[in-house]
Amino acid sequence: MKLERWHRQLKYEEAGGTVMKRLDKTISLLLAAIAKKLLSRVISIERGKLTSRVALIRKRHKGSEEMDSKYDYIQCDEKHIVTKSEGSSIFTYDILEGNRSCRCPIRCEECNICIHSFSCTCVDYCIRFVICKHIHFIQQKNNLMNSVTEDLQQTQHNPSIDINQTEQHQIEKNAIISNLHKASMDSVMNTILTEYEDIGRLIRGLKSIDQAHYVKEAFAAIKIHLKSTDNATNLPSLPPVH
């Protein structure tokens with residue numbers, strides 16, 4: 001399926017649905033498509049990926065901040081019971097502590113917990129498998145969770161997890177940028193060489209002495225520019241053609 005998707009992108013998005021007959025245009029099209037892929041990879045590394053589950057966890061975190069006085073909790077050893085009073089009825093949700101050292105990406109950065117840190121008996125956790133608002137409520141309100149937070153912070157600064165991943169992304173990004181710069185430079189150089197060959201053919205066909213002097217002065221200006229400092233950005237002005 002990935003190969004078919006890549007073939008469809010090359011044929012319809014890049015080539016416009018036309019049949020590519022020339023080899024040079026086909027290679028240029030492939031290089032442009034690969035450059036787009038590499039740029040989108042750099043963008044995804046810098047921006048990060050926000051999945052629907054992580055977005056739902058953030059929404060539940062905001063919901064926990066709006067929980068009113070109807071909610072309360074009771075702590076019993078490693079078990080927490082969140083209660084909700086609604087009229088004459090009382091609803092209870094049991095929350096158990098889980099793997100405190102887990103560093104999976106399904107997490108709430110504000111509470112510094114992941115999906116495996118706690119488990120709850122509500123529908124959000126059991127069916128949707130997200131950090132529900134009851135877990136957020138416990139993490140924010142329970143003072144006994146300070147020891148859990150310290151353990152998670154120590155795990156967060158573990159070089160074997162976070163730093164290695166950051167360094168890996170940085171190395172990959174630098175390699176992609178270097179590759180794109182090299183490909184762009186090669187493309188410009190190929191264009192210059194092609195134009196140089198065309199100019200050579202035109203020079204061999206010159207029949208006017210004025211045009212020959214103009215070409216000589218133009219090449220002298222280009223030579224001066226190439227010998228100048230790298231900070232120069234504009235070529236010297238060329239004399240008009242008579």
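Keeping every protein chain in place, order Met20, Met1 by accessible area at 1.4 Å, biggest value first, i.e. largest first. Let's see the in-between values first.
Details: Met20 75, Met1 180 Å².
If we order Met20, Met1 from most to least accessible, we get Met1, Met20.
Find which of Ile43, Ile57, Ile27 sits farthest along the positive direction of the dipole of the stretch 26-65, computed with +1 on the beta-carbon of Lys and Arg, -1 on that of Asp and Glu, about the Cα centre.
Looking along the dipole axis, the top candidate is Ile57.
Taking amide hydrogens as modeled 1.01 Å from N in the peptide plane, which residues meet the under 5 Å criterion relative to Val130, leaving out close sequence neighbours?
It is Tyr125, by chain and number.
Just read off the accessible area of His169 with the full protein assembly in place, 1.4 Å probe, to the nearest 10 Å².
Roll a 1.4 Å probe over it and His169 shows about 60 Å².
What is the count of Lys pairs in the stretch 1-116 whose alpha carbons sit under 26 Å apart, if the two are 8 or more places apart or on different chains?
Counting lysine pairs in the stretch 1-116 gives 26.
Keeping every protein chain in place, order His7, His134, His181 by accessible area at 1.4 Å, biggest value first, i.e. largest first. Intermediate results must be reported in sequence, preceding the final value.
On the way: His7 105, His134 10, His181 130 Å².
Result, largest first: His181, His7, His134.
Taking a ≥ b ≥ c as the square roots of the eigenvalues of the Cα gyration tensor of the stretch 43-118, is the shape rounded (a/c under 1.5), prolate (a/b larger than b/c) or oblate? All intermediate terms of the calculation are to be shown ahead of the outcome.
Numbers: a/c = 3.49, a/b = 1.73, b/c = 2.02.
It is oblate, given that a/c is not under 1.5 and a/b is not larger than b/c.
Tell me the net charge near Val123. Cut-off is 14 Å between Cβ atoms, Val123 excluded, with +1 for each Lys or Arg and -1 for each Asp or Glu. If you can, show how the numbers build up before the last one.
Numbers: positive: Arg60, Lys84, Arg128, Lys133; negative: Asp94, Asp124.
In short, +2.
Ignoring ligands and nucleic acids, what accessible area does Ser187 show with a 1.4 Å probe (Å², nearest 10)?
Spelled out: Ser187, probe radius 1.4 Å, area about 70 Å².
Need one value: the accessible area of Thr51 in square angstrom, 1.4 angstrom probe, rounded to the nearest 10.
Approximately 50 Å² of Thr51 is accessible to the 1.4 Å probe.
The values are calculated or read from the model by the stated rules, or taken from the named source; none is laboratory data. This structure is a prediction, so every number in the text was calculated from the model and none was measured. Virtual Cβ from ideal backbone geometry, glycine too; neighbours counted across all protein chains shown. Remember, those area values only see protein heavy atoms, side chains included, never the ligands or the DNA or RNA. Shrake-Rupley method; radii C 1.70, N 1.55, O 1.52, S 1.80 Å.
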